[in-house]
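Worksheet for the structure shown next.
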Amino acid sequence: VCGADPTELRSPDLMGVLGQTVAGLTVALGHLGQLQKQLWASPSGELGALLGLLGELAARIDAAKVAVVREAATRGVIAESDCATPSDWVLTQSPPATQVKDAVTVARVAIAGAHPRWQRLDQAVLAGGVAPAMADAVMREFVKLHDSLDVSMHEDVLDALTQLAEAGHSTRDLTRARERLIAQYGQPGELDRMHQRLTARRSMSAFGRDL
């Protein structure tokens, strides 16, 4: 059911090794809840390393969310619920503070990422190397570039975008790379056509301001 209580995990003792993992996560959740009260005991030089550890944990959690949502979609759990969309299912299974845009992103990356086209990117997401939000940006940027690219270069462009994401670049950096990627991997004359479209767009914008 779409509105099921997300805090109630049923029969963990029947899940074997998974049950042990879930039990470990529950213990870790309790430890995290106590961390703020214990920070005073940390040497100043260790705080940075602690932050890095939490960052790695957060990345793994994001990756695990994608994996869980994909498993639910594959098994038909989401389709059989009364949720209107996959993101609705994610939202109802998440803490109340979860933002709608975050639920949408996780659902989209989980479901779209299963397509073979995104295999390289998907591997990076599931390894915690690319955040779901950044993976979503890579997918959207590739779709924008798709028709401008030489068909044989699709995999190279997607790999280049994935490498940018893995290196920690921003979504703005992906957009900035568009011209370079079209110049290197685009169809003949596509870069000139892109410049012409941009020039025409700027001219129309300037005309509108003068009215």
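Worth pointing out:
- Tail beyond 26 Å, pair distance distribution of the range 39-148 (Cα, percent): 29
- Rolling a 1.4 angstrom probe over the chain with all protein chains present gives an accessible area of which 58% lies on carbon and sulfur atoms.
- Formal net charge of residues neighbouring H115 (Cβ-Cβ distance under 13 Å; K, R +1; D, E -1): +3
- Pairwise Cα inverse-distance average, inverted: Kirkwood Rh of the range 85-180 (Å): 13.9
- Pairwise centroid distance, computed over Cα atoms, of the range 84-128 with the range 168-188, Å: 24
- In plain terms, the chain from M194 to E155 could stretch by 11.9 nm, reckoned as 0.36 nm per residue minus the Cα-Cα distance.
- Taking all protein chains into account, the per residue accessible area for the chain stands at 66 Å² (1.4 Å probe).
- In this entry, the chain is assigned a mean projected area of 17.8 nm², taken as a quarter of its C-alpha convex hull surface.
- Furthest towards positive pole of dipole, L191, L145, L39, structure part the chain, Cβ charges: L191
- Using the Cβ of V90 as centre and a radius below 9 Å, the other residues enclosed give a net charge of -1, where K and R count +1 and D and E count -1.
- Reach of K101 by Cα under 25 Å, taken over lysines that are not fewer than 8 positions away in the same chain: K65, K144
- Residue-by-residue Karplus 3J(HN,Hα) for the range 60-73, coefficients 6.51, -1.76, 1.60, Hz, glycine and proline x: 5, 5, 4, 5, 5, 4, 4, 5, 5, 5, 5, 4, 5, 5
- Mean separation of Cα pairs under 8 Å and 6 or more residues apart, divided by the residue count, gives the chain a relative contact order of 17 percent.
- Descending semi-axes in Å of the range 50-111, equivalent ellipsoid built from Cα gyration tensor: 23, 13, 8
The values are calculated or read from the model by the stated rules, or taken from the named source; none is laboratory data. The structure displayed is predicted, hence computed values, not measured ones. With ideal geometry, Cβ positions are generated from the backbone for all residues, glycine too; neighbour counts draw on all protein chains shown. Side chains are part of the model used for accessible areas, which takes the heavy atoms of the whole protein and leaves out ligands, DNA and RNA. Shrake-Rupley method; radii C 1.70, N 1.55, O 1.52, S 1.80 Å.
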